[in-house]
Each structure stands twice: as structure tokens, then as C-alpha cells.
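Read through the structure below, which is laid out as C-alpha cells, and then see the notes.
Just so it is clear, none of the values below were taken in a lab; they were calculated from the coordinates. On a predicted model such as this, the values are computed, not experimentally measured, just so you know. Counting neighbours? That spans all protein chains shown, and the Cβs are built from the backbone with ideal geometry, glycine included.
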Amino acid sequence: MYRLFMLCLLLSVGLTVSGTREDLLIADFEGETYGDWRAEGAAFGIGPARGALPGQMPVTGFLGRGLANSYLGGDGSTGTLTSPPFRIQRRFLNFLIGGGRYPGQTCLNLIVEGQIVRTATGPNDRPGGSEALAPAYWDVSELEGKTAILQIVDAATGGWGHINVDHIVQSDRKAPRMTEKSRQILLEQDYLRIPVQTGAPKTLLRLQEDDRTLCEFEVELAPDTPDLHLPLDVRAWRGRRVTLRVEKLREDSTALERIVQSRTPGYPENLYREKLRPQFHFTAPLGWLNDPNGLLYYRGEYHLFFQHNPCGVQWGNMHWGHAVSRDLVRWQVRPIALAPDALGTIFSGSGVVDRDNIAGFQNGREAPLILIYTAAGGTSPASAGKPFTQCLAYSLDRGRSWIKYAGNPVLGHIVAENRDPKVVWHALTRRWIMALYLNGNEFGFYASPDLKRWTPLHTITVPDCAECPDLFEMPVKGDPKQRRWVWTAANGRYLIGSFDGQRFTPETETLQTDYGANFYAVQTYSDLPPSDGRRIQIAWMAGGRYPQMPFNQQMSFPCELTLRPTPEGLRLFRLPVREIRSLYERERVWRDLPLKPGENPLSGLTGELWDIETEIEIGEAAEVGLRVRGEAVSYRAGEKTLACLGRRAPLELIRGRIRLRVLADRASLEVFGNDGRVSLTSCFLPCEEERGLEVYALGGTARIVRLQARSLRPAVPQTAQ
Ligand code: FRU
């Protein structure tokens, strides 16, 4: 009874049991409107945001449902949000803040008597970063009793030109601060397992030995319960005593203590069997993946390198991951090939086999495998102030280990973020040619006798094209004496022309094969044996969504490119490599079958993984198509378009017929029309219950000339545990 009485007394005078006064909430942005706060300009809208606004990365770290978020209309919008006057009655003003780090431009200001007396910004001023809000506070003890207003300002219009604020509170206790933290550790195992929580504030994690940085990563370190543990390969430093240092962590966080050593990467039990895990498309075991890099073939092995963040499921900390396959279908994941260094993180590039040891790296029997990559200076603290340059790394043991060339960079900075070197051997002039992305829509060509010294040839400007150029020579199908050079950009758009070792001369305007939503950073294999004679391309299926998965993004299925005559001229055709046949499990074939509206000859079939081929005579039908797990792949005769997952490709009937091929995996559909004249490479989030297959006609009867439905076996990458 007495205790209850005392508690009531304390509460009635605004004190808590611990002797500090109760917090006073200034704003929590939970309402439909800003209430008595005043919004000016367009950036804040008429009321609080509920998390991320359209086009914004996920916003985390705010409390409740709402926050003040000036991303409305994107980074370009500006505005202010001003509080009504209030009296400063506590020692600390605590708040949560995120967004741009531009003092005076993206900030929260405390104004007393017309003067800004305190100001704070978000943490971001370069690409990447995180939309997480973090706690911050001001000690305002000397201002107690004064009247103040708060103003949230967004006057910036470029990248990170916005500010996020929430939960502004007057308190006797300061919000936990963000501080630097470190921990000594003797590296006794091969891996460190890092607890990660997607959306947590990114912090710089460094491994240091006597103040020398061994490696550094931006990591979304889990403040409490991790979503997953990501393995950091520390084999290179085993037996050494190192310091783990984080730049910014909540002072009460135990995240550093929760980093553990491990003999293995500690992959989850169900690795490669997760709900949304592609089953015959390449994905990294854990972490983020983007562009295919360094595609080369040597002694029976296809090498696939890839842009990789081993420390998170978002883009960042670019490394080259590595995998090897004997058939382009079954991959074995190898250790990371290239890690960031003082020249930068490792952006995209290509690979070649130096059969005649022209660069002079050979030392033994194996031909050197050489990777040509972009060192992205300035994308990490270790490379701050450095530009983007082009560098080499080589392997003398069939790609088992990689050595960076001591004379890097081999091509200095030219312009902006010049990057993505694709190197090809030009037999006639006996030298290497590099296609390089420069800036805007501009690309360059360079030549070298030895891969180490490069001279510029010329540049081209190609509308709608940027990044990741490729350049290769191909025979015309059916007329192998006729050959052409093909130049492609990241989005797969291409030019056909000639190349004499000095100048690429296009003979066409920009052409397009793929019309899907997720087709980017295409690259073709180097050094396939002439006896094979194929040109094989892999794309990053950019932009797919894999919520709650420990990996992010997938590669397209490898496709063979051919150059074929069409009534419109020569065109590139894309079709899945024949090795897919080794995955066929069961095949059902239909021939010469009328297809009436309302009927579905495939009604008995269910599954997830398919390679379906069909030829349909359109007859009286207005539309024919397949439906895989509820998603339509449709051809409309009137519009002459092939459509899938919201994208359309122009396609003519051939003698009244259409040919379709669909590769279906857990999170993607790749559609090929008329033997690869067009393709649509698309990701989707399948509905779990929907497992059916359908072939249909609308508006009249069509005829199935032939339909082959093959279910596929999974072929997920192997990892060394
Ligand atoms: C294309 C790209 C490249 C760059 C790489 C970085 O997706 O932007 O231009 O090298 O990704 O990850």
C-alpha cells in the first residue's frame, strides 16, 4: 500500500521511480497530419510518411507507424517542417535521424531567439548507405526554461537530398550515443560469422593489425536479433592477433561481442533450398550478387565471377565472387577471387586466357588466366580520394588462386566513373582490345600489346546505353564465311558492324533482343575453344525481389547467341544453352491438337521447374499462350506482341504460327519467341499454392502443332562447407 502511494506521488510530480523526471514527447509523427507542425514546400507532403516513400529504399529505425520523411517526390523536392514553440524543460533533446549528411541542407535545427543553436544531419553523402534512422541527442541544459522551435530542413536536391526524423523527446537521460567500439581477437579459425540485420544502420567494420587495416566492410550489424550470419573469410590472417573495430555503434550494443569464430562458413541448414531460392539459376550462397564478371573458359571449366557483397544482402563492398562449372548448369562456388584494396572496391570487368604468355605472367605449365577489372576508387574509406581505374589480376593455377598485378592500375583515370573493361584478343593485329564504359552514353575502345600498356583508339556515343560494354566477332548462321562484330551495352542493346583493330564501325542502329524487366550487365564468354564455336551470354537478372532470403539477386540462364538473317537484316538470337537437357526429368509431348477456348491440355501437370517448348498455329484465336504458376506468357495476333509479367516484345507470326519457349524457375520466367528472335527475361514472386500449368487460346480455336513440357531437376551450386 505504501509503495503504491509513493508511486502515485512520484508520478503526480512527474518523477519516475529512478528519480528522473518523465520524458516529454515533442513529436512522434503518428497522426494522419502533422498536427500543429507547419509543412512548407513539397518534400514533406501534408502528413507523416509510413516508412519508405515511392522509389525509396526500405526505411527502418523509426518508432511506431510514422515519421517525417522528405523523400516525397524523390530527392529533387525541397521543403521545411516547423514545430510550434515549446519550452525546454529537460537536459537532453533526444531524437532519431537518418537521410542526407548535408549540414544546413538536410538537417534538424533547434532555434532559440531566432538563432540556430543546435543542428544535426543524417549519415549519408555517397551512393549506397542506408535509410536507417539512428538515435542522437543534444545536451541543452544551458537552454532550460527557454522557448524554442524545431525545424526539419530539406534544401538539397541531389543524391541523398532528403532527411528523416522521428520520435523527438525531452528527457533527463540521453539517448544511447553512437560510438566507436573495438575488440581484440586472436584469429584461430577460418571464418568470422557476422550477425547482420537488414535495414540496421550501416557501420564500418574494420579488421586491423597494429593500426594497419587488413580489410573493411560496411555492414548492417544487427543491434539485437540477427536475420542471418554472414561468413567473413579470414584465412589469410589466421594465427594473427587483430582488432575488430566499428566506426559507429550504439554505446549499449553488444554486436561486436556476438561476432564469433568458426571453422566453416556456417551456412544455414537449408542453404539453396529456401522458399524463393532459384533452383537452376546461379545465386551466391549468401549475400548480394550483381553483374556477371570475368566469364572465361579454360581446360574444361567455365569460370563465372560476379559482383558480390559478402557482408550483406544489399549492394555494397564490391568483391568478385567466383564459381566454376563443367557444363554451365552445375556450379561449384569457389572462395572469393578479388577483394577491395587501397585502389578501391572491385567493380565489373572481364577475363581472358593468355595462351601465348603475352603479358609475361606465366610461371609453369598452365596458361595465365587474366582478369581485367575496375578498381572503384573512392567507394571505400581505404580508397578515399582515388579515382576509378582499370587493373589486372592473374591466376597461374587454373583459377584456384588470384594475384593482383603489382603494376596496377594499367589504365589510369580517363573520365568520371569510367569502368567495366571488356577485353578481347584481336588476332589480325595481334593485340588486345578493350571496350570501356566512360560516362553518360559514351564508350571507348583501347588497344594494348600486352594488357599492361593501353592506348586510346576512339569513342562512340550510343543513346539509351550505359555500362558494361562487350565486343565480339561472330559468323552469320548458315553462312560462316560472313562475319560481323557485335557491340553490346549493359542492357543487352547492341550494334552490328565491323572492327578493323582500330575502329568499330556500326552498320545498324541500336537493336534489342530482350524486352524483359530483369535483364542487365550482359557479358559473353571468352576463350571458348574454336571447336565449340559458340558465343554464350549471361545477364544479371537485375531487380528481382527475394524477401527474407539470405541471398539477393540471380543470374540469367546462360544463352547461346547466334547472328541470323531476317527480313529486317541480321539480328542476334538468344536461346538457352543445350546443356539444359541434362536437367530434364520427365517429358510429355503433344502433337497436332486443337486448342479451344476453355480447354487446357496441360491441366494435369504441376510443378515449379520447367523447360516448355511449343509451336502454335494461331488459327481463329485472338490470343494464345502459356500460364505458368498463374503468370501468363501470351501472344496477341492483332498486336503482334509477346507479353510476360507486364513487358511486351514485338513478334511476327511465321506462316501463321508462333514458337514459344519458357524456362520457369522459382522466381523467374525466361521467355523466348520464334527461336530466340526476342526474349523476355523477368523475375516474379510466385504464389506458393499456384503450381499449375496451362496452355490456352482466347477468342477462337488455335492448334498446337507441338508442345514439349519437360520438368527439370534442381541444379543448385555446390559449396565447400
Ligand atoms: C552495372 C554496374 C557496373 C559496375 C557494377 C558495380 O550493374 O553499375 O557499371 O561496375 O555494377 O557493382
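Remarks
- Around the amide H of Arg250, modelled in the peptide plane, lie the amide H atoms of Thr179, all under 5 Å away and 5 or more residues distant in sequence or on another chain.
- Exposure proxy ranking for His458, His413, based on other Cβ atoms within 10 angstrom of each Cβ and starting from the fewest, stands as His458, His413.
- For Asp172, neighbours were defined as the other residues whose beta-carbon sits under 10 Å from its Cβ, and their charges (Lys and Arg +1, Asp and Glu -1) total +3.
- Proximal aspartates and glutamates to Lys181, defined as alpha-carbon separation beneath 19 angstrom and excluding residues fewer than eight positions away on the same chain: Glu209, Asp210, Asp211, Glu216, Glu218, Glu220, Asp224, Glu247, Glu251, Asp252, Glu257
- The peptide list 560-572, 272-284, put in order of mean Cβ contacts within 10 Å with the highest first, becomes 272-284, 560-572.
- The GluC sites (Glu not before Pro) of the range 613-689 meeting both criteria, a DSSP state outside H, G, I, E and B (loop) and at most 14 other C-beta atoms within 10 angstrom of the site's C-beta, are Glu620, Glu639, Glu652, Glu688, Glu689.
- For the range 146-189, the square roots a ≥ b ≥ c of the C-alpha gyration tensor eigenvalues yield an a/c of 1.5 or more together with a/b not exceeding b/c, which makes the shape oblate.
- Taking the C-alpha atoms of the chain, convex hull volume expressed per residue in Å³: 205 Å³
- By the rule of a C-alpha distance below 23 Å, with chain neighbours fewer than 8 residues away ignored, the lysines paired with Lys146 are Lys174.
- Anisotropy class of the range 578-712 from Cα gyration tensor, a/c 1.5 cut: rounded
- Tilt relative to the chain, helix 2-12 - C-alpha long axis, 0 to 90 degrees, to 10: 80 degrees
- Sparsely packed GluC sites (Glu not before Pro) within the range 185-267, loop by DSSP, other Cβ within 10 Å at most 11: Glu188
- Listed by Cβ neighbour count within 10 Å, with the fewest neighbours leading, Leu669, Leu24, Leu651 appear as Leu24, Leu651, Leu669.
- Sorting the segments 164-177, 135-148 by their residues' average number of neighbouring beta-carbon atoms within 10 angstrom, most packed first, yields 164-177, 135-148.
- Mean residue ellipticity (222 nm) of the chain, computed from DSSP H runs ≥ 4 via -39,500 (n - 2.57), nearest 500: -500 deg cm²/dmol
- Shape category assigned to the range 296-436 from the gyration tensor of Cα positions, a/c cut at 1.5: oblate
- Sites listed here are GluC sites (Glu not before Pro) in the range 458-524 whose DSSP assignment is loop and whose Cβ has at most 12 other Cβ atoms within 10 Å: Glu507, Glu509.
- Cα-based radius of gyration of the range 287-576 once divided by 2.2 N^0.38 Å, which approximates compact folds: 0.94
- All lysines inside 24 Å of Lys452 as judged from Cα atoms, apart from same-chain residues fewer than 8 positions distant: Lys386, Lys404, Lys422
- Listed by Cβ neighbour count within 10 Å, with the fewest neighbours leading, Thr82, Thr254 appear as Thr254, Thr82.
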